[in-house]
Amino acid sequence: MTETLYDRLGGEAAVNAAVDIFYRKVLADERINQFFDGVDMEQQAAKQKAFLTLAFGGPNHYTGKDMREGHKHLVERGLNDSHVDAVLENLKATLEELNVAPELIQQVLGIAESARDDVLNR
Amino acid sequence: MARLILEGRELLLKEEESVLDCLLRHDIEVSYGCQAGVCQSCLLQSEGRVPEEAQTGLKDTLRVQNFFLACQCQPRNDLVIRLPVVENFHSRVVSLEHLTPEVVRLRLSVPEGFEYRPGQFLNLFHEGRSRSYSLASLPCEPFLEFHVRRVPEGRFSRWIFQRLGEGMPVEISSAQGECFYVEGQREQPLLLIATGTGLAPLYGILRDALAQGHEGPIHLYHGSSTAEGLYLQSTLQALARRHEQFHYVPCQSRGPVAAGVAAARANDKALEDLRDLKGWRVFLCGNPEMIKSAQRQCFLAGAKVQEIYSDPFLPSSS
């Protein structure tokens, strides 16, 4: 039986291990941290967890429409490709820090990348 | 087959149906979001224990109060859902004394059946309005203690500072809030940061921790923009002398400081002293701006989001 990407990454435990590391990198990144200003930290951490679950190929019920609506106000504030690039960079660094195999990292980045157009409301 | 009991109504749960799905099937309004146990929109409270998986990702203080995620809950036994209780109690003023010209220590009698954990808050009612005040006392004490700051032109400040007297009746709500000490991690280092009367709940929490035999270090940083705002200094210093594990640093953010007081904001001083907060539990109370900064600082210093408890004191608009 083929294990899913999510299983191979370590499932929910892997997401939990990744969230704090990823969120810390994002908050410390001057290119993108302004988009997280004034946002309730706990709520934001929950969203990061949902994003990582999605990127890890895990169970989630977010549609393309949810992603568009969720990021619409940020696009209006100037969210663009460079910011998405920065987020993906932080995601890659997080997975490397967790010693995830390169081929699995590529798969995760691939899934995250596929959300780019929805996030940027294109 | 398990039943859901809600306000006297019994709902039969279908095989492998979650509490959320059951409630929605019966057209009961309940908020929800991701339906995957992550967003916590469907948070509800139960009368008794719930299956472990229904509490994934919830903070300790929510777990011990039997909060759970409806979308993740498939109860094996009957489950009674607790709706937010609006219960009021009658109390009386036991004493009212000034700790400083601007801060009053208000002690109310403990109504029959009133329960709370130090650090929670309740609402005081007066002339059709209410304000929230944090509990600084311990349940073993024969009074409920609050530290009230005089708010210029404040409706409740006027009442408490000028009208209230010993023996007078006061109506209060039941205790609410998730900022309190949870036992189970006796060795865990605790960081407590407060501004102004945000000290009140932390004063309760730290004494609660000590009373419950907490063994790890407890660090309290109290901040104010004035010297007078640093109340209870001698009490806290005495506590620090009595308990080796308790460390107290008064901080003054503006103006010349007395000996023993740090010339800095409480949160900045805390991070400067402690640096690495991995494994710590953090309690933040008082000024919402301080809390926002401190949350971020503490998180970047290694504390987990789950371990940071915040209680912002928001000004009232009524």
Hits in region B:239-251 - residues which are over 23 Å from B:E102 (Cα atoms) and either open to solvent by 20 Å² or more (accessible area, probe 1.4 Å) or not in a helix (DSSP H, G or I) (or both): B:A240, B:R241, B:R242, B:H243, B:E244, B:Q245, B:F246, B:H247
Any chance A:Q34 is open to solvent by less than 40 Å² (accessible area, probe 1.4 Å) and part of a helix (DSSP H, G or I): no
Failed condition for B:R49, given (1) within 28 Å of B:Q185 (Cβ to Cβ); (2) within 20 Å of the chain's Cα centre (by Cα); (3) charged (D, E, K, R); (4) open to solvent by 20 Å² or more (accessible area, probe 1.4 Å): (2)
Residues that are of a type in the set (G, A, S) and on the phi > 0 side of the Ramachandran plot, drawn from region B:25-72: B:G37, B:G57
Single residue of region B:28-46 satisfying the filter (β-branched (V, I, T) and farther than 20 Å from B:Q306 by Cα) that is farthest from the chain's Cα centre (by Cα): B:I28
Failed criterion for A:N60 (all others in (1) closer than 26 Å to B:G57 by Cα; (2) modelled with pLDDT of 95 or more hold): (2)
Leading residue by the ranking (farthest from A:V19 (Cα to Cα)) among those in region A:88-122 that are open to solvent by 40 Å² or more (accessible area, probe 1.4 Å) and among the basic types (K, R): A:R122
All positions within region B:197-225 that are touching a residue at least 60 places away in the same chain (Cβ under 8 Å) and crowded, with 24+ Cβ neighbours inside 10 Å: B:T197, B:G198, B:L199, B:A200, B:P201, B:L202, B:Y203, B:G204, B:I205, B:G223
Set B:A263, B:A294: member being surrounded by 19 or more Cβ atoms within 10 Å (Cβ to Cβ), of a type outside the set (F, W, Y) and in contact with a strand residue (DSSP E or B) (Cβ under 7 Å, 6 or more places away or on another chain): B:A294
Tabulated pairs, region B:274-299, first at the interface with chain A (Cβ under 10 Å from one of its Cβ atoms), second in a loop (DSSP other than H, G, I, E, B) and modelled with pLDDT of 95 or more, C-beta under 6 angstrom, 6+ apart or interchain: B:C298/B:L277
Residues being open to solvent by 70 Å² or more (accessible area, probe 1.4 Å), facing another protein chain (nearest Cβ under 9 Å) and either of a type in the set (S, T, N, Q) or touching a helix residue (DSSP H, G or I) at 6+ places or on another chain (Cβ under 8 Å) (or both) - total across region A:48-87: 2
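So, in region B:164-188, how many residues would count as being open to solvent by less than 30 Å² (accessible area, probe 1.4 Å) and assigned to a loop (DSSP other than H, G, I, E, B)?
Adding up the residues that qualify gives 10.
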Where a residue in region A:11-29 is over 20 Å from A:V39 (Cα atoms) and its partner, wherever it lies, is of a type in the set (D, E, K, R) and open to solvent by 10 Å² or more (accessible area, probe 1.4 Å), with Cβ under 7 Å and at least six apart: A:V15/A:K49
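Specify the residue that is farthest from A:M41 (Cα to Cα); the eligible residues are those in region B:266-277 that are open to solvent by 50 Å² or more (accessible area, probe 1.4 Å) and modelled with pLDDT of 95 or more.
B:D273
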Residue count, region A:1-43 (criterion: among the polar types (S, T, N, Q) and in contact with a Gly (Cβ under 7 Å, 6 or more places away or on another chain)): 1
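Can you tell which of B:F125, B:F161, B:F156, B:F143 is more than 28 Å from B:L271 (Cα to Cα), of a type outside the set (D, E) and open to solvent by less than 10 Å² (accessible area, probe 1.4 Å)? Explain how you work it out, then say what you get.
Working: B:F125 fails: open to solvent by less than 10 Å² (accessible area, probe 1.4 Å); B:F161 fails: open to solvent by less than 10 Å² (accessible area, probe 1.4 Å); B:F143 fails: open to solvent by less than 10 Å² (accessible area, probe 1.4 Å).
Residue meeting the stated conditions: B:F156.
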Some residue of region A:3-12 being surrounded by 17 or more Cβ atoms within 10 Å (Cβ to Cβ), more than 14 Å from chain B (Cβ to nearest Cβ) and assigned to a helix (DSSP H, G or I): yes
Qualifying strands (runs of 3 or more DSSP E) (wholly inside region B:90-151; at least 1 residues being farther than 20 Å from B:C285 by Cα): B:103-108, B:121-126, B:129-134
Looking only at region B:77-116, and only at residues there that are farther than 30 Å from B:R9 by Cβ and among the basic types (K, R), the one that is most open to solvent (accessible area, probe 1.4 Å): B:R92
Residues satisfying the stated conditions in region B:52-70, i.e. in a loop (DSSP other than H, G, I, E, B), within 14 Å of another protein chain (Cβ to nearest Cβ) and open to solvent by 20 Å² or more (accessible area, probe 1.4 Å): B:T56, B:G57
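The values are calculated or read from the model by the stated rules, or taken from the named source; none is laboratory data. Given the structure is predicted, the values throughout are model-derived calculations rather than measurements. Every residue, glycine among them, receives a Cβ derived from its backbone with ideal geometry; neighbour counts consider all protein chains shown. The protein model used for the area step is the full one, side chains on, heavy atoms only, and it has no ligands, DNA or RNA in it. Shrake-Rupley method; radii C 1.70, N 1.55, O 1.52, S 1.80 Å.
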